[in-house]
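Q: My structure is below; once you've seen it, I'll send some questions.
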There are 4 protein chains.
Amino acid sequence: MPRVGMEPIRREALVKATIAEVGRKGSLDVTVAHIAARAGVSSGLAHHYFGGKEDLIVAAMRHIMQIYGTAVRDELRAAASPRARAAGIVRASFGPANFAPEVVAAWLSFYVHAQSATGARRLLGIYQRRLVSNLADALRPLAGERARDLAETLAALIDGLYIRHALGDLPDGAAASARVIGVMDRLLEAA
Amino acid sequence: MPRVGMEPIRREALVKATIAEVGRKGSLDVTVAHIAARAGVSSGLAHHYFGGKEDLIVAAMRHIMQIYGTAVRDELRAAASPRARAAGIVRASFGPANFAPEVVAAWLSFYVHAQSATGARRLLGIYQRRLVSNLADALRPLAGERARDLAETLAALIDGLYIRHALGDLPDGAAASARVIGVMDRLLEAA
Amino acid sequence: MPRVGMEPIRREALVKATIAEVGRKGSLDVTVAHIAARAGVSSGLAHHYFGGKEDLIVAAMRHIMQIYGTAVRDELRAAASPRARAAGIVRASFGPANFAPEVVAAWLSFYVHAQSATGARRLLGIYQRRLVSNLADALRPLAGERARDLAETLAALIDGLYIRHALGDLPDGAAASARVIGVMDRLLEAA
Amino acid sequence: MPRVGMEPIRREALVKATIAEVGRKGSLDVTVAHIAARAGVSSGLAHHYFGGKEDLIVAAMRHIMQIYGTAVRDELRAAASPRARAAGIVRASFGPANFAPEVVAAWLSFYVHAQSATGARRLLGIYQRRLVSNLADALRPLAGERARDLAETLAALIDGLYIRHALGDLPDGAAASARVIGVMDRLLEAA
DNA sequence: AATGAATGAGGATTCATTCAT
DNA sequence: GATGAATGAATCCTCATTCAT
């Protein structure tokens, strides 16, 4: 029963279904048919709106990154000091929206996918550079020219905790945040 | 022309071909036929020896982990102090055998695969726990009961640098080692 | 913005778009969506007016045949002698309206389609019989009872030159006409 | 039940099944599954041996052309005079192997396909040029420098009669041959 | 009159796996 | 010990067609 103005609704439903499906399966070996079914539409519609599976994947990545970007912005807005800004970025990385098991699983799948797909790689590169430069900007007042180096270390640590979370290791986002912030504090003191 | 005693030779060739192929492609979307061709045998033989693709994948993971295990043991044998032992483990992680681009790419693929395949997950769990306990053991004389926590942090940092390397970020293994060891030293001082 | 009296306009636009699209592609593997887009309407409208793709194809064939029929009538009207009448029919076959590359490509596609579609076959049969009887009528004063046979030969020759034109062989319509008329003259003399 | 040395047998069976299927349907809208079923194998095998549908089509064209080429060679070998050579080529074109309804239908489909597929077009170009030059060579002793022109006319006439046969017009190959040879004779006299 | 949302059947293609030799 | 012939399930994608608005 076609109604007008459905496009944005369908697109969003499909993107969310993609993330959910990839997250549940823990890999990109997911069929368009399943995604479409989960979104409550036919597989044909997924192709109609996105052109193909790859585009759907990329759209899902973009969506996940947008969620993360929003979380970062919210944390930054609420932060009063440089340290609070850095800590906020870390907390955003492990916030509920980002650190839900299926989202983490999807993230990890996208990382691997980026190794072979150009579009995905570009997208991920943007995210990674932004994470590092956000962190470096926040740390500059505290660490000066060491800020960049510190930011890179923290970014890597965040990614590493993500991986381990995806494989079922770590307890929760709060613990992960605390660990990264703890390391940050000690590395700042060590200067 | 079949000859006797070929089994171990074929098995190794297939395992190495699997790693090479997965590393080159950057994903497990690799055909048994390609792997077999690279190993110079028929695809039927791969099944004959390994039972199926999944088992071949697991064997390849095991092989990569053995290489890593050997590198760690070599480093530990040569180390004189607790700090040298910890640093050795880190260096083993980023040594040439482990940090070759295709090996890193394969590692990452295996990580994702472990999200959905039980056998792979179990194997990876063993590796991760061993890495952490190796590190913790080495650090105990220096950090006491904080050793475990520190080891977990360093393990996550190592994994994070791996990921970023896989996506083309970091320069080389030496730099990665230096970064981790630097963080380790400062965290030890901070106590 | 729907307006009244649009039907004939839409129909013609769709028919012309069909010919153009089939001609461009060189086959009936053309989507209704493409045709509709070229005609500046939605694909739904094409079905609304024609019922289905097949009917659209048949309408396009009919249109092409009408163009040809008009060209023949014009030539016949201007012809003074029997020979001029026959030559006129030939010239009409290779006139600009019929011998444009895309029209020739469409013709050929329709020929093949007629092998499997009844409606198309019937339509094409009408055209072929008319071509032959037009030619035979024109030639009767010159060739008597041999007229029919001669007409069949010339009709086949015309079709053959069409095919070769469609595949990029022949220079232009004038040369094709000249060739057929030359053959005709010699066959008439040979009596 | 795999046996060794099946490849040539399967290839031929698939090629013949392709011609039969295309001929029966009168178009290239034929599924690989149907072709494979007719050849008594799975659809996967068709891809295994030919790579894809298009390659299968091209192989079928090549096969049809080889049959024709053989028929021409046989006729030429048996011909004593220039005229007999030319007549032989014509007869080969309408011989039983070439003029069977399904073969003619396949030919016509290939003609159309050649409009859009490069490989098919190239192949058909070779056939067409060979037909013309074979004819021209045969006619040279009789028609001198008019041989080429005459050959082109006869080639077009042959193609035209093929089309009309495909659409159910003409009685049989003998009649078609007689018509072409008759035209040839009269055009030769007319010099 | 016209749209475009939506479907779903159908088809090419890939590939792990099996098995006779 | 080794091959490669063969299968068939699985999946992506296309597209004619329908229908509510």
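Q: Rounded to whole angstrom, how close does the nearest chain B beta-carbon get to the axis mapping B onto A, and which residue is it?
A: B:160, 2
Q: Shifting gears a bit: Relative to the other copies, what are the label-point distances for residue B:81, with labels 7 Å from Cα along the C-beta vector, expressed in nm at one decimal and sorted shortest first?
A: Output for residue B:81: 3.4, 11.1, 11.7 nm, nearest copy listed first.
Q: Going by alpha carbons, how many degrees (0 to 90, nearest 10) lie between the helix axis of D:53-78 and the longest principal axis of chain D?
A: On a 0 to 90 degree scale, this one is about 40.
Q: Residue B:25: which lysines have alpha carbons under 29 Å from its alpha carbon, excluding same-chain residues fewer than 8 sequence positions away?
A: Candidates past the 8-residue exclusion: A:16, A:25, A:53, B:16, B:53, D:53.
Q: Still on this structure: Using a Gaussian network for chain B with springs between C-alpha atoms less than 10 Å apart, which of these wobbles most: B:101, B:82, B:171?
A: B:171
Q: Give, rounded to the nearest 20 debye, the magnitude of the charge dipole that segment A:109-191 has about its Cα centre when Lys and Arg contribute +1 at Cβ and Asp and Glu contribute -1 at Cβ.
A: It works out to roughly 320 debye.
Q: Running Debye on chain D with equal point scatterers at the Cα sites and no solvent, what base-10 log of I(q)/I(0) appears at q = 0.08, 0.12, 0.15 Å⁻¹?
A: Computed log10 I(q)/I(0) values: -0.30, -0.62, -0.89.
Q: Shape verdict for the protein assembly as shown, please, from the Cα gyration tensor: rounded (a/c under 1.5), prolate (a/b greater than b/c) or oblate.
A: On the way: a/c = 3.79, a/b = 2.29, b/c = 1.65.
Since a/c reaches 1.5 and a/b is larger than b/c, the shape of the protein assembly as shown is classed as prolate.
Q: Can you tell which of B:45, B:139, B:28 shows the greatest fluctuation in a Gaussian network model of chain B with Cα springs below 10 Å?
A: Greatest mean-square fluctuation among the candidates belongs to B:45.
Q: Separate question: Sorted from shortest, what are the nm distances separating the label point of residue B:118 from equivalent points in the other copies, each placed 7 Å from Cα along Cα to C-beta?
A: Those separations, rounded to one decimal, come out as 4.2, 5.1, 6.0 nm.
Q: Can you tell me the equivalent ellipsoid semi-axes for segment B:48-93? Use √(5λ) from the Cα gyration tensor, largest first, whole Å.
A: Computed over segment B:48-93, the values are 32, 8, 5 Å.
Q: Hey, got the average number of other protein chain Cβ atoms within 10 angstrom for residues in B:112-118?
A: Mean shielding by partner chains, rounded to a whole number: 6.
Q: Explain nothing, just the number: dipole magnitude of segment C:47-108 about its Cα centre with +1 on each Lys and Arg Cβ and -1 on each Asp and Glu Cβ, in debye rounded to the nearest 20.
A: Its charge dipole is roughly 320 debye.
Q: Quote the relative contact order of segment C:13-61 in percent (integer), defining contacts as alpha-carbon pairs under 8 Å separated by 6+ residues.
A: 42 percent
Q: Roughly how many Å is it from the Cα centre of segment A:20-88 to that of segment D:15-42, as a whole number?
A: A separation of 45 Å, based on Cα centres.
Q: Taking the Cα centre of the protein assembly as shown as origin and charging only Cβ (+1 Lys, Arg; -1 Asp, Glu), how large is the dipole, in debye to the nearest 20?
A: Dipole about the Cα centre, nearest 20: 160 debye.
Q: Which of these, A:66, A:115, A:128, has the largest mean-square fluctuation under a Gaussian network model of chain A (Cα springs below 10 Å)?
A: In the Gaussian network model the winner is A:115.
Q: Return the calculated 222 nm mean residue ellipticity for chain A, to the nearest 500 deg cm²/dmol, obtained by summing -39500 (n - 2.57) across DSSP H runs with n ≥ 4 and dividing by the residue count. Let's see the in-between values first.
A: On the way: 10 runs with 153 residues, N = 191.
Helix contribution divided over all residues of chain A: -26500 deg cm²/dmol.
Q: Distances from residue A:51 to the same position in the other copies: list them in nm, one decimal, shortest first, using label points 7 Å from Cα along Cα→Cβ.
A: Ordered by increasing distance: 2.7, 3.8, 4.3 nm.
Q: Which whole-percent values make up P(r) of segment C:140-191 when all C-alpha to C-alpha distances are grouped in 5 Å steps starting at zero?
A: Computed distribution, short to long bins: 4, 19, 28, 21, 14, 9, 4, 0.
Only the coordinates and a few stated rules stand behind these numbers; no lab work does. Model, not experiment: these values are computed from the prediction. Here the Cβ is made from the backbone with ideal geometry for all residues, glycine too, and neighbour counts use every protein chain on show.
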